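**Q** After the C-alpha cells below, expect a handful of questions from me.
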Amino acid sequence: MPHAVSKNKQTLLGMNEGMEGYWTKKRIALLTAAEPQAIQTWLEQYVNVIYTWLYFQVASDSDTTVDLTIRTFTRALEQIEQFQPAQQTMFQWLRACAKQALDEGLQQWQTKRQRPWAWSQLPADVLSGLSTLRNEVLSDEAVSNPAVQEMVQATLAEMEETDRALMMHRYNHLDTPEHITEEVGLSIEQVDDRLYRCRHFFRRALIQLVQSENLGFNEASATGTLERLDSNLEKLLSSTAMYRPISDNHLAIINKALTRAVLNVAQTRNAASGNHSRRRILIIAAAVLLVLGCIGFLYPILLDEPEQAQTPDSPKQDQDNTAMPDTAKASPNAPEDDTEQIDQDQLRLRRVFEMGQVGDLAGLLQILKDGQFTSQLAAAHFIGNLGDESAIGLLEESEAKWYPNGPDDNPFAEAIIQIQNRQLTNTVVEVVEQTEPNEQPDTTAIESVEQPTLPAAPPAIAGTVTDFEGQPIPNARVTLAGNPLYAEVADMRILQEAQTDQQGNYQFVKIPDGPVFLICQSAGDNSMSITRSLWYKKEKPVQVNFGGPRTIFGTLNLTPLPSSNQILYLSDTLDPSEASFRSETITSADGHFTFVGIPAGTYYLLNNTESNRIVWISSLEVAGEDIPDWQVDVSQAAITIQLEQPENAPAVTRAMLTYGIDVSGELQQFALQPQEDGTYTGNVPLGSYTLIMRFENGMRLQQQVEINQDRQLAVTVPEGSSDLSGQFSGKSPLAFFLYNTDQRIRFDLLPDADGFYSLTSVPPDVYSLAILVNNLKLDLMEIDLLNEPEQVLDIAPLQLVADYSPLYVVVTDAQNLLVEGARVWVTGDAEVITTESTGRGAFLAVPPGEYSLFAALPGSETQEKVIQVQATPFLTKPNTENTILIKLGP
C-alpha cells in the first residue's frame with residue numbers, strides 16, 4: 001500500500017541542517033511559486049504528521065480526518081505568504097492551521113473534540129505500568145495494548161520534526177547515540193542533550209494524554225535510572241509506527257483535493273497579474289502533477305468524470321505534433337507505472353508551450369478539442385494571444401465543461417476577452433472630418449464610432465500610508481481580507497492586495513459589501529503591520545489612513561528573558577483576534593519598539609511568546625498627540641496558594657491563573673505547581689488574574705486575584721454534599737455549565753459518549769444553568785441544590801434555546817471602521833439585554849419580536865433603531881437577515 005510520505009526512509013541528514021529552521025523566506029518563496037521540489041519536500045515532511053495529529057482529535061474517525069487534513073493544507077496554501085519563519089516553525093504554523101480547521105469543522109458538525117474511547121478504558125495493570133514508566137520495567141501487555149500504541153503516535157505528533165525523527169531513530173531503529181553522532185556530524189554532547197530533552201518531552205506528553213482520559217491517574221513520584229527509561233522507550237517505540245497509515249482510497253481523495261486546491265489558490269492569488277498569472281497557474285498545475293505522483297500519491301484525479309481512455313480498437317491518433325490529447329492510451333506501449341505517466345504529462349505540457357511559442361494555432365485548437373484540464377489551460381493562454389473569432393466557440397465549450405458555475409474570470413473567459421479586445425482595436429473606425437461652425441455634421445458617418453469610455457469608478461476604499469513624521473511610504477502592501485465575524489477562528493482570507501505609490505496612496509476600486517479586515521504592512525521600518533476592521537457599504541468611499549504623528553516609542557525590559565526580537569501586539573482588546581485596531585511589531589536588538597498612527601483609546605500591550613501564547617504585559621491610555629516614551633519593565637511575583645478544605649474533599653487536578661473566567665485559548669494560562677506541603681506555587685507577571693482551581697469531581701473554584709507583589713493566598717474549598725445527574729438528548733453543540741450566585745463555583749456539564757452526566761459532591765447552593773456563546777452568558781433555568789440536594793435533570797440542548805434567536809450587531813464609526821467597546825442593548829417586552837462590541841461586532845440572543853436596539857460610545861450620540869427579530873435557529877450564523885449595522889456619529 002502506498003503511503004503519502006515514507007517517513008521511515010528519512011535519513012538523519014536533515015537534523016544536522018536543523019529541520020525546524022528549514023523553511024526560510026527563500027524556501028517559502030519557492031513554495032509560493034509552486035516549485036516542484038519545494039512542494040514535494042513540504043508534503044513529504046508534514047502530510048502524515050498533520051493527518052495523525054487530527055486523527056486522534058476526532059476519536060479515530062478516518063473520514064473526518066481526511067476532510068480536516070484537506071482543510072488544513074488548503075488553508076495553509078491560501079495563507080502561505082503569512083508564515084513568518086523567524087517567529088515559528090513550519091510544523092507549529094501548520095498545526096495552528098490544523099487547529100483552526102478542527103475548530104471550524106467541529107462547529108459545523110456540532111460536536112466536540114474527542115479522543116478515542118479506548119483510551120479511557122485502559123486496564124488497571126496497564127495504567128499501573130504506565131505510571132511507573134521511569135522506574136519499573138514496562139510490561140508486554142502495556143506495550144502491545146492498541147490504545148497505548150495510539151497514544152504513542154499521538155504523542156509523536158505533538159513533537160517537532162527533528163525531535164520526532166531523533167526519537168524514532170534512537171528507539172525505533174535502535175541507532176546508538178554514537179551512530180547518530182556520526183550521521184549528523186554533531187558532537188556526542190549535542191546529541192545527548194537533544195535526546196535528553198526529547199525523552200522528557202515525550203514522557204510528559206504521554207503521561208498527560210493518559211491522565212486526560214483516565215480520572216485519577218498520576219505518574220509515580222519515584223524516579224529511576226536513565227537506562228530504565230531508555231529501555232521502556234525502546235519497548236514502546238520499537239513496536240509502534242510513527243504515523244497512522246492512510247488508506248489508498250483516502251490517499252486518492254487527499255490527492256485530488258490538494259491538486260485542485262493548488263490550482264484554485266494559484267488562480268485566486270494571481271488574478272490581478274494578467275497574462276503572467278495564467279502562465280503561472282499552468283506551471284503550478286504541471287508542478288502538482290509531478291510532485292503528487294513522485295511522493296507516493298495515487299495518480300492525480302483532476303476531473304470528477306475523467307475522459308475515458310481509448311481502447312485498442314479506437315482509431316489511431318495522428319502522430320503529428322498538432323494533436324496532443326492528454327488521455328492515456330490503453331496500448332501495449334502504455335506506461336507501466338506512475339513515473340512514466342507523469343513524464344508523458346510533463347512532455348505534453350512542454351509541447352503545448354512549444355506550440356504557443358511558434359504560433360501553432362491549429363495545434364492549440366486541437367488541444368481544446370482533445371486535451372484535459374491542464375493542457376487546455378495552457379492552450380487557452382496562447383490562444384488568447386494568437387486566436388481570432390473562430391476560436392471563441394471552442395473556448396466557450398471548454399469554459400462550459402470546466403467552469404459551468406464560474407468564476408467569470410477563468411482562463412477560457414479571459415482568452416475570449418483578449419480576442420474580442422484585439423478585434424475591436426483592429427477595427428477601422430471612420431474619422432469624422434472637421435466641419436464649419438455653422439455646418440451640421442453628417443451623423444451617418446459616425447454610427448460605427450465607439451462611445452466615449454466612461455470615467456473610472458471612484459475607489460471603494462482609499463487612503464495613504466505615512467511614517468510618524470507624516471512622510472509618505474511607497475511600496476507598502478495593503479491587503480483586503482475577509483472578516484468572518486463570529487466564526488470560531490477568524491480566517492482572514494485574502495480578497496485583494498494593493499501597493500502604495502510614491503506618494504503613499506493606495507486604493508481598492510471594487511469590493512463586496514460587508515465586513516473586511518484592512519491590513520497595512522510597510523517595509524523598511526520597525527512596524528510590521530496594522531490591522532483595521534471595517535464594514536464596507538456602497539454608499540460613499542471609505543477613507544482609511546495608516547500612520548501619522550500619534551506614535552508610541554518604547555523600550556521593553558523582560559529581565560531575565562531577552563528583550564530582543566519579541567513579537568508585540570498593540571490591541572484595543574485583550575484578545576487581538578477580536579480587536580478593531582491591532583498593530584504588530586518586533587523589538588530591536590536593544591528592546592526598542594515603535595507603533596505608528598495610533599487612534600485615541602485604551603490599549604493592551606501583548607507579547608506573543610515562543611510557545612505561541614499571548615501574555616498581557618501592560619496597558620496604556622492614548623489621548624493627545626504627545627505620547628511619552630513607554631518604558632515597559634516586566635517583573636514577576638511569586639504566589640503561593642494554601643488550600644483549606646474539608647476531609648474527603650475532591651483532589652485538585654489543576655491550578656492556574658488566567659485573565660478571565662472564559663478566555664481565548666491563545667492567551668497564556670499560568671499553571672501553578674503542586675508542592676509536597678500541599679500548596680501550589682508559581683511565578684507570574686504583575687497584574688490582575690482569575691485564580692481557577694479544578695477538582696476531580698468537575699468543580700471549578702474561581703476568584704479574582706491582584707498580584708502586585710509576592711503573596712500567599714488561602715483558598716477555602718466548600719464542602720460538597722449535593723448531586724445532580726441526567727442525560728443529554730443527543731450530542732450537544734453548546735457548552736452547558738452551572739454557576740452559583742457569586743460565580744465562585746462552576747461545574748461544566750460534560751456528558752459521556754452515551755449522553756449521561758453526573759455531578760457528585762456539589763456544594764449545596766442555588767445554581768443557574770447557562771451557556772456561553774460568542775462571549776455572551778445566557779442563563780436558561782435555575783436549579784436549587786440547596787433545598788433539594790439530589791436532582792435528576794435531563795437536558796435537550798436545542799430545546800432549551802429554542803425560544804431564542806441570534807442577533808448580530810455591527811457598530812461602526814462615521815468612517816465605517818468597526819468600534820470596540822460600544823455598549824449595545826435592546827429593550828422590548830423582555831428585560832433589557834446588553835453586551836459590548838468588538839472587532840467582530842456584538843452578539844445578542846433574544847426571543848423573536850419587536851425591539852428598540854441601542855448603541856452608545858463616549859463621545860458619540862446614542863443611536864437607536866426599531867428592529868424586528870425573526871424566529872431563527874439559535875446556531876444560525878450571521879447573514880443579511882439577522883445582522884444589523886449601526887453607524888455612530890463623530
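The values are calculated or read from the model by the stated rules, or taken from the named source; none is laboratory data. What you are looking at is a predicted structure, and each value in this text was computed from that prediction instead of being measured. Positions of Cβ are generated from backbone atoms using ideal geometry, with glycine treated the same way; all protein chains shown enter the neighbour counts. Please note that ligands, DNA and RNA were not included when accessible areas were found on the heavy atoms of the full protein model with its side chains. Shrake-Rupley method; radii C 1.70, N 1.55, O 1.52, S 1.80 Å.
**Q** Can you list the residues, at least 5 places off or on another chain, whose amide H is less than 5 Å from the amide H of I246, using H built in the peptide plane?
**A** Distant-sequence amide H within range of I246: A4.
**Q** Suppose every K and R has +1 on its Cβ and every D and E has -1 on its Cβ; what is the size of the dipole of region 710-793 about the Cα centre, in Debye to the nearest 20?
**A** Result for region 710-793 is approximately 360 debye, rounded to the nearest 20.
**Q** By how many nm would the segment from N708 to T690 grow when fully extended, if each residue of separation counts as 0.36 nm and the alpha-carbon distance is taken off?
**A** Here the segment from N708 to T690 would lengthen by 5.1 nm.
**Q** Rounded to the nearest 0.05, what FRET efficiency do N565 and S247 give with R0 = 30 Å and r taken as the Cβ-Cβ distance? Could you check?
**A** After rounding to 0.05, the efficiency reads 0.10.
**Q** Ranked highest first by the average count of other Cβ atoms within 10 Å around their residues, in what order do 853-862, 769-778, 361-370 fall?
**A** Output ranking for 853-862, 769-778, 361-370: 361-370, 769-778, 853-862.
**Q** Additional query: Below 8 Å, C-alpha to C-alpha, sequence gap of six or more: please give me the relative contact order for region 114-213 in percent. Kindly include the intermediate steps, with their values, before the conclusion.
**A** Details: 58 pairs, mean separation 30.7, N = 100.
31 percent.
**Q** OK, next. Provide the per-residue ³J(HN,Hα) series for region 383-397, in order, calculated from phi with Karplus coefficients 6.51, -1.76, 1.60 and θ = phi - 60°, each as a whole number of Hz, with x at glycine and proline positions.
**A** For region 383-397, the Karplus curve yields 5, x, 8, 10, x, 10, 5, 5, 7, 5, x, 5, 5, 5, 5 Hz.
**Q** If you take the charge dipole of region 828-875 about its Cα centre, with +1 on Lys and Arg Cβ and -1 on Asp and Glu Cβ, which of I833, P873, L857 is farthest toward its positive end?
**A** Selected residue: P873.
**Q** Report the FRET efficiency, 1/(1 + (r/R0)^6), for F217 and R493, where r is their Cβ-Cβ distance and R0 is 51 Å, rounded to 0.05.
**A** Computed FRET efficiency for F217 and R493: 0.75.
**Q** Report ³J(HN,Hα) in whole Hz for each residue of region 138-154, in order, from the Karplus equation J = 6.51 cos²θ - 1.76 cosθ + 1.60 where θ = phi - 60°; Gly and Pro get x.
**A** Along region 138-154, the couplings run 6, 6, 5, 5, 5, 5, 8, 5, x, 5, 5, 4, 5, 5, 5, 5, 5 Hz.
**Q** Taking amide hydrogens as modeled 1.01 Å from N in the peptide plane, which residues meet the under 5 Å criterion relative to V58, leaving out close sequence neighbours?
**A** Q114
**Q** OK, next. For region 651-662, what does the Karplus curve 6.51 cos²θ - 1.76 cosθ + 1.60, with θ = phi - 60°, yield as ³J(HN,Hα) per residue in whole Hz, taken in order and with x for Gly and Pro?
**A** The phi angles translate into 6, 7, 9, 6, 10, 7, 10, 10, 8, x, 5, 10 Hz.
**Q** Then there is this: Suppose each label sits 7 Å from its Cα in the direction of the beta carbon; what would the Q543-Y196 distance come out to in nanometres?
**A** 6.3
**Q** Determine which residues of region 559-574 fall in the zone a paramagnetic label at Q636 would reach in this model, i.e. backbone nitrogen under 12 Å from the point 7 Å along Cα→Cβ.
**A** Those under the cut-off are 559-562.
**Q** While we're on this one: List the residues, sorted by chain then number, that are 5 or more residues from V846 or on another chain and whose placed amide H is less than 5 Å from its amide H.
**A** Under 5 Å from the amide H of V846 lie the amide H atoms of S805, L807, each far enough along the sequence or on another chain.
**Q** Calculate the FRET efficiency for E81 and S239 from the Cβ-Cβ distance with a Förster distance of 41 Å, rounded to the nearest 0.05.
**A** Numbers: r = 42 Å, r/R0 = 1.02.
E between E81 and S239, to the nearest 0.05, is 0.45.
**Q** Also, quick follow-up: What accessible area per residue comes out for region 58-129, rounded to a whole number of Å², with a 1.4 Å probe?
**A** About 41 Å² of surface per residue is accessible.
**Q** How big is the dipole moment of region 595-671 about its Cα centre under a simple scheme where the beta carbon of each Lys and Arg is +1, that of each Asp and Glu is -1, and everything else is neutral? Debye, nearest 20, please. Don't skip to the answer; put the middle values down first.
**A** Values: 2 positive and 10 negative charges, 64 e Å.
My answer is approximately 300 debye.
**Q** Let me ask something else. Students often check this: by mean Cβ neighbours within 10 Å, which of 676-683, 202-209 ranks highest, and how do the rest follow?
**A** Descending mean neighbour count gives 202-209, 676-683.
**Q** Still on this structure, please answer the following. Rank Y569, W535, T594 by how far each Cα sits towards the positive end of the charge dipole of region 531-650 (+1 on Lys, Arg Cβ; -1 on Asp, Glu Cβ) and give me just the farthest.
**A** So the residue we want is W535.
**Q** While we're on this one: Ignoring ligands, DNA and RNA, what percent of the accessible area of region 555-680 is carbon or sulfur (1.4 Å)?
**A** Result for region 555-680: 46 percent of the exposed heavy-atom area is carbon or sulfur.
**Q** Which of K538/K887; K510/K887; K112/K887; K537/K865; K401/K538; K538/K865 have a Cα-Cα distance over 25 Å?
**A** K112/K887; K401/K538
**Q** What is the magnitude of the charge dipole of region 528-660 about its Cα centre, with +1 placed on the Cβ of each Lys and Arg, -1 on the Cβ of each Asp and Glu, and no other charges, expressed in debye to the nearest 20?
**A** Using Cβ point charges on Lys, Arg, Asp and Glu, region 528-660 gives about 620 debye.
**Q** Over region 26-142, with every protein chain in place, what whole percent of the accessible area is carbon and sulfur at 1.4 Å, could you tell me? Please report the intermediate quantities before stating the final value.
**A** Numbers: 2120 of 4470 Å².
Accessible surface attributable to carbon and sulfur in region 26-142 totals 47 percent.
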